1. In the list 32, 141, which residue meets the criterion of being in contact with a helix residue (DSSP H, G or I) (Cβ under 6 Å, 6 or more places away or on another chain) and either touching a residue at least 40 places away in the same chain (Cβ under 8 Å) or closer than 30 Å to residue 8 by Cβ (or both)?
2. Provide a single number: the residues in segment 11-22 that are assigned to a helix (DSSP H, G or I) and farther than 15 Å from residue 45 by Cβ.
3. Select from segment 45-70 the residues that are free of Cβ contacts under 8 Å to residues at least 24 places away in the same chain and surrounded by 19 or more Cβ atoms within 10 Å (Cβ to Cβ) and write down the one among them that is nearest to residue 25 (Cα to Cα).
4. Any residue at all in segment 72-80 that's over 24 Å from residue 114 (Cα atoms) and surrounded by 14 or more Cβ atoms within 10 Å (Cβ to Cβ)?
5. What is the residue count in segment 111-142 for residues that are under 16 Å from residue 88 (Cα atoms) and more than 22 Å from the chain's Cα centre (by Cα)?
6. Check off (1) touching a residue at least 24 places away in the same chain (Cβ under 8 Å); (2) crowded, with 20+ Cβ neighbours inside 10 Å for residue 97 and give me the number that stays unchecked.
7. Residues that are in contact with a strand residue (DSSP E or B) (Cβ under 8 Å, 6 or more places away or on another chain), modelled with pLDDT of 95 or more and within 26 Å of residue 142 (Cα to Cα): list the helices (runs of 4 or more DSSP H) wholly contained in segment 24-123 that include at least 1 such residues.
């Protein structure tokens, strides 16, 4: 096969390698995509997601880079928070989940963010705050059900 030249080819090959469990090969393809377009946060998020399978510190670096490129990227904040939780940085995770909640469109389908933040709060010892987030998530979920029934 010829050397991939477009970002689309690199992403396709990277995802194929990831599905096979060849994470290092997938990261190589994503590195090449980043070389072509270092200002596309999606590549950093994808690479971070792969790195998070084995190394959350490295994943956090990629998510942070994605946030620097696009400070309103909900997924980068959420994924970085997930990695921070895995490393026991619950306060850092709470900050990231809070930021994701703040920038997410004002729609009910952000209930999962409240659930994730509640989990981080509970692990940090803030049971009252966790309970409040769980209540907010439940309210949003009931709104989701109403929207779904209207469709």
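1. Only one candidate qualifies: 32.
2. Residues in segment 11-22 being assigned to a helix (DSSP H, G or I) and farther than 15 Å from residue 45 by Cβ: 5 in total.
3. 47
4. No, segment 72-80 contains no residue that is over 24 Å from residue 114 (Cα atoms) and surrounded by 14 or more Cβ atoms within 10 Å (Cβ to Cβ).
5. 2
6. With respect to (1) touching a residue at least 24 places away in the same chain (Cβ under 8 Å); (2) crowded, with 20+ Cβ neighbours inside 10 Å, residue 97 is out only on (1).
7. Working: elements: 41-51, 56-69, 74-86, 90-103.
In segment 24-123, there are no helices (runs of 4 or more DSSP H) which contain 1 or more residues that are in contact with a strand residue (DSSP E or B) (Cβ under 8 Å, 6 or more places away or on another chain), modelled with pLDDT of 95 or more and within 26 Å of residue 142 (Cα to Cα).
The values are calculated or read from the model by the stated rules, or taken from the named source; none is laboratory data. Since this is a predicted model, take the numbers as computed values, not measurements. Note that we place each Cβ from the backbone using ideal geometry, even for glycine, and neighbour counts take in every protein chain shown.
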